[in-house]
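Once you've had a glance at the structure underneath, I'll fire off some questions.
The values are calculated or read from the model by the stated rules, or taken from the named source; none is laboratory data. Bear in mind the structure is a predicted one, so any value in this text is a computation, not a measurement. Cβ atoms come from the backbone with ideal geometry, glycine included; neighbour counts cover every protein chain shown. Surface areas here come from the heavy atoms of the whole protein model, side chains and all, with no ligands, DNA or RNA. Shrake-Rupley method; radii C 1.70, N 1.55, O 1.52, S 1.80 Å.
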Amino acid sequence: MDFGNNNNSYNHNPQGYSYRPPVKTPGSSLANASMMLGMIAIITAIMMTIYFPFIFGSLAILFALLSKGQAAKLVKYAKAGLICGIVGIVITLGIITSSVLLILSNPQILTDTAKRYDKIYEQAYGIPSEEIFGDSLEDIVENFIEGITN
């Protein structure tokens, strides 16, 4: 038995059994990257970050589609990455939409937050925000709310 001479596509182990080496499917690295980025997109969406789920989710979708190449269908890791990327983006869009609807349906939340900001700004810098910005954030928010309701 000559172990150094591999003239055929089969390899031989010391016990004499021949086996075919594993074949790496084209695009499997991109599919794995897609799956990992899709999972990160979901995790960052659950953590309620705004930009990261869009970045990781769109990269997951892009890598999943690029991993297909000339193949007829996607590898299972690419499908998982595609689905996870879409889910991460949808979760983030749902959180943003529900937050905007909550604030628009109850504008008192936004006004109270602006009052707190003005107090914190004055405590931190020793001068009211009206002197720096011309108007307090509370006044700006109240004008904004009046413009929406009218």
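If you average the sequence gap of Cα pairs under 8 Å that are 6 or more apart and divide by the length of the chain, what percent do you get for the contact order?
Reported relative contact order: 19 percent.
Can I ask one more? Out of every Cα pair in the chain, what percent are spaced more than 22 Å from each other?
Result: 66 percent of Cα pairs exceed 22 Å.
Okay, moving on. Mean-square fluctuation check for the chain, GNM, Cα pairs under 10 Å: which of Val90, Val100, Val23 is largest?
Fluctuation is largest for Val23.
What is the magnitude of the charge dipole of the chain about its Cα centre, with +1 placed on the Cβ of each Lys and Arg, -1 on the Cβ of each Asp and Glu, and no other charges, expressed in debye to the nearest 20?
1660
Helix-only mean residue ellipticity at 222 nm, the chain, DSSP H runs n ≥ 4 weighted -39,500 (n - 2.57), per residue, nearest 500. What is it?
It comes out at -23500 deg cm²/dmol, rounded to the nearest 500.
Going by average Cβ neighbours within 10 Å, how do the peptides 45-56, 29-40 rank, with the highest at the top?
Highest-to-lowest ranking by the protection proxy: 29-40, 45-56.
How many percent of the accessible area of the chain is carbon or sulfur, using a 1.4 Å probe?
The value for the chain is 65 percent carbon and sulfur by accessible area.
While we're on this one: Taking a cut-off of 12 Å, what percent of all Cα-Cα pairs in region 16-61 are separated by more than that?
64
Using a probe radius of 1.4 Å on heavy atoms only, what accessible surface per residue do you get for the chain? Whole Å² is fine.
71
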